[in-house]
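Student: Below is the structure I would like to discuss, written out as structure tokens.
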Amino acid sequence: MASGTITLSTKRQMELIDITAEISKAVRASGVAEGICLAYNPHTTAGLTINEGADPDVQRDLIAALREMVPLDYPYRHAEGNSPAHVMTTLTGSSVTVFVEGGTLKLGTWQKIFCCEFDGPRTRTIHWRIIPG
Amino acid sequence: MASGTITLSTKRQMELIDITAEISKAVRASGVAEGICLAYNPHTTAGLTINEGADPDVQRDLIAALREMVPLDYPYRHAEGNSPAHVMTTLTGSSVTVFVEGGTLKLGTWQKIFCCEFDGPRTRTIHWRIIPG
Amino acid sequence: MASGTITLSTKRQMELIDITAEISKAVRASGVAEGICLAYNPHTTAGLTINEGADPDVQRDLIAALREMVPLDYPYRHAEGNSPAHVMTTLTGSSVTVFVEGGTLKLGTWQKIFCCEFDGPRTRTIHWRIIPG
């Protein structure tokens, strides 16, 4: 069994944090040559996504578009005032899966794995697990 | 192999139904100590998501926000009239994956697993499968 | 280990392409009786989704609704002009998982697996992998 947890501190209310280096390191340390690597987000106001990492503007555009799409000032009932963050969490999803081939993560050329902060700044944890097969 | 199906009857056109207890029971009964548990939704007008289960208002806000975001009266071409439900299905997704550790589901403190009904009331089935590893 | 890649040429800027037949064929050829089949999209302006395949109008409605929801002419910062495609990619997701039972894909009655082109026409590749268990 290879599994573990990444801890990160977010700086803004909403931002994407690239966790690819930590996940790649975990894959190499696991010694698993072929299989799948899963990252899991245990929070309900943060998500996980895979998207372009080369141009940081893509990350900013993603946050901007989600803020345009999800109603921010709808008469929500949840008293904590962070319902838009809960909605964005469901839109992005709670886990991502990437193939492991030849002992490394098989990401596309431009792909990076991002933790999506929607209600920060906070300390967040992301769990990972590598399944041979 | 540990796998099975949960059957549930939805009561409203759109609602979230907490299926965490049934999935947790399946994990315990499987005897699998370490691995992943997958829930799969075989329907095209219902989804699966993981979000906050403590305050039922979060579930209502999620449905309300999806109804604000997805055009409900767009000139859709699909004659059955339930295209918004198909769109919400793609936004939420067809499966969720949760880690199994020490024989139990490793959900976050506030997380619950929900079947998302978008075109009810109906009888829905959710398949689950537990993979050791 | 059973894994491989599907290559497809998209024809329009935005469209859904049914890849169920290719994935089903891969499952049969793998000889795996019980497990999970994953499809993975390595692109950042294309996604994967599972939805209704019987009526092609559902596919057209999905594209139309995403174009209504995601701001197309927002003052995005990413200079390539395809930020809406990046947003749609995050909304649909980078992978789908389907159970394998009795040597075949356990899809729902109306479900098909689609590659979602959001910035075509292009040549796209989809990786698949079958995990017994």
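The values are calculated or read from the model by the stated rules, or taken from the named source; none is laboratory data. What you see is a predicted model; the values in this text were computed from it and never measured. Please note: Cβ atoms are built from the backbone with ideal geometry, for glycine as well, and neighbour counts cover all protein chains shown. Remember, those area values only see protein heavy atoms, side chains included, never the ligands or the DNA or RNA. Shrake-Rupley method; radii C 1.70, N 1.55, O 1.52, S 1.80 Å.
Student: On a 1.4 Å probe surface of the protein chains, which of C:E34, C:E15 comes out largest in accessible area, and what is the full order?
Tutor: Ranking C:E34, C:E15 by accessible area, largest first, yields C:E34, C:E15.
Student: Jot down the radius of gyration and Dmax of segment C:24-96, Cα atoms only, both in angstrom.
Tutor: Taking only Cα atoms of segment C:24-96, I get Rg and Dmax of 15.9, 50 Å.
Student: Okay, next question. Just checking the output field for B:38-45: average partner chain Cβ neighbours within 10 Å of each residue's Cβ?
Tutor: Mean shielding by partner chains, rounded to a whole number: 6.
Student: How much accessible area is lost when chains A and B come together, counting both sides, with a 1.4 Å probe, in Å² rounded to the nearest 100?
Tutor: Separately minus together, A and B give about 2600 Å² buried.
Student: Separate question: Taking Cα atoms, how many degrees apart are the long axis of helix A:20-30 and the longest axis of chain A, rounded to 10 and kept between 0 and 90?
Tutor: 30 degrees
Student: Roughly how many Å² of B:Y76 are accessible to a 1.4 Å probe, to the nearest 10?
Tutor: 40 Å²
Student: Another question, if that's okay. What is the sum of charges, Lys and Arg at +1 and Asp and Glu at -1, for the other residues whose Cβ falls under 14 Å from the Cβ of C:A54?
Tutor: Details: positive: B:R77, C:R60, C:K112; negative: B:E80, C:D18, C:E52, C:D55, C:D57, C:D61.
Result for the local shell: -3.
Student: Taking a probe of 1.4 angstrom, what is the accessible area of B:T49 in Å², to the nearest 10?
Tutor: B:T49 has an accessible surface of roughly 10 Å² with all protein chains in place.
Student: Over what distance in Å are the Cα centres of segment A:13-46 and segment C:13-68 separated?
Tutor: Measuring centre to centre over Cα atoms gives 24 Å.
Student: With angles folded into 0 to 90 degrees, how steeply does helix A:83-92 sit against the dominant principal axis of chain A? Use alpha carbons for both and round to 10.
Tutor: Taking Cα atoms only, the helix is inclined about 30 degrees.
Student: Further, regarding this structure: Helix-only estimate, please: 222 nm mean residue ellipticity of chain B, summing -39500 (n - 2.57) across DSSP H runs of length 4 or more and dividing by its residues, to the nearest 500.
Tutor: -8000 deg cm²/dmol
Student: Across bins of 10 angstrom width beginning at 0, how are the C-alpha pair distances of chain C distributed, in whole percent?
Tutor: 13, 42, 31, 12, 3, 0
Student: Separate question: If you roll a 1.4 angstrom probe over the protein chains with everything in place, what fraction of the accessible area of segment C:1-71 belongs to carbon and sulfur, to the nearest %?
Tutor: 46 percent
Student: Further, regarding this structure: Amide H to amide H, which residues 5 or more places from A:V96 or on other chains are under 5 Å from it, using H placed in the peptide plane?
Tutor: Those qualifying (amide H under 5 Å, at least 5 residues apart or on another chain) are A:A39.
Student: Karplus couplings for segment B:47-62 from phi (6.51 cos²θ - 1.76 cosθ + 1.60, θ = phi - 60°), rounded to Hz, Gly and Pro as x?
Tutor: Coupling constants for segment B:47-62: x, 10, 8, 10, 7, 5, x, 6, 9, x, 5, 4, 5, 5, 5, 4 Hz.
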